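The values are calculated or read from the model by the stated rules, or taken from the named source; none is laboratory data. Computed from a predicted model, the values in this text were never measured in an experiment. Virtual Cβ from ideal backbone geometry, glycine too; neighbours counted across all protein chains shown. Accessible surface areas use protein heavy atoms only, side chains included; no ligands, DNA or RNA. Shrake-Rupley method; radii C 1.70, N 1.55, O 1.52, S 1.80 Å.
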Amino acid sequence: MVAIESTVGEVEEVIGLVKSTGLLIAVENLVVGYNKPFVSAFAERFYGETNTFYLLVGEMTINSNDAKLITELSIEGKSANHKNYGQELERDKIYAFTKNVLQWDEEATKSEMLVGKAKQRIFHLAGLRYQFMGTKNLRAQGKEVTKERIFASTNAYVLYILGSVIFHSARASTNFIQLLQPFDKIHEYSWGSAILAHSLNELRKDSRDRRNQIGGNMAHLQV
């Protein structure tokens, strides 16, 4: 519901641009409730070796059509992880991208990136929301909402969608910013396939962790 409320707080220009990406439907789906114990039961029956759920009625998996029906995101178009997608952007490229999409200079980008001991290059989604949301309120106060602010707020909102909805995290990889340019091509990505691939990968990780935990417990009992 937070995402919906933040959209309502934006001027029509921002909302229109976000809609043009085809990703707004993913935000609207955030308000759909689900049965957590039921979902957990399914996850416990997932086997990463076959990418299938083992159920009493047999094996089943989630395919692209399922992802489209559930998320209402497109499964057609190019992969978000296409051949030109940089898996580890150099800092100068990060600075160039953030200058174009968020209007940040190099120092602003450095201060917003979480570097730390692990040298991670990520943005806090909460920080993006804090900095860029509220364009409607600004205009209501008689303050100018420039074209630059509209575009920056739109890009920040799309980054928020990618991080919190598509890849389900409280942080957004700085690599995501390359998916925002050119902006008018964002809708051409197969976002339904992206969320499916990410979900299956997370299920495989959970399956491995669960097996390792069981193996460790059995070894402890044998000792």
Practice task
Quick one: P(r) of the chain from all Cα-Cα pairs, 10 Å bins, percents rounded to integers, in order of increasing distance.
Solution key: 7, 28, 31, 21, 9, 3, 0, 0
Handout entry: Computed [θ] at 222 nm, helices only, for the chain once each DSSP H run of length n ≥ 4 contributes -39500 (n - 2.57)
Key = -16000 deg cm²/dmol
Exercise for the section: In debye, nearest 20, what is the charge dipole magnitude of the chain about its Cα centre with +1 on Lys and Arg Cβ and -1 on Asp and Glu Cβ, if you could check? Expected result: 460
Practice task
For the chain, report the accessible area per residue in Å² (1.4 Å probe, heavy atoms, rounded to an integer).
Solution key: 60
Exercise for the section: Quote the charge dipole size of region 55-154 about the Cα centre in Debye, to the nearest 20; the model charges only the Cβ of Lys and Arg (+1) and of Asp and Glu (-1). Expected result: 340
Practice task
On the protein heavy atoms, probe 1.4 angstrom, tell me the percent of accessible surface of the chain carried by carbon and sulfur.
Solution key: 55
Exercise for the section: Between beta-carbons, use under 10 Å as the cut-off and find the net charge around residue 137, counting Lys and Arg +1, Asp and Glu -1. Expected result: +2
Exercise for the section: Assign unit charges at the C-beta atoms only (+1 for Lys and Arg, -1 for Asp and Glu), then state the dipole size of region 115-186 relative to its Cα centre in Debye, rounded to the nearest 20. Expected result: 200
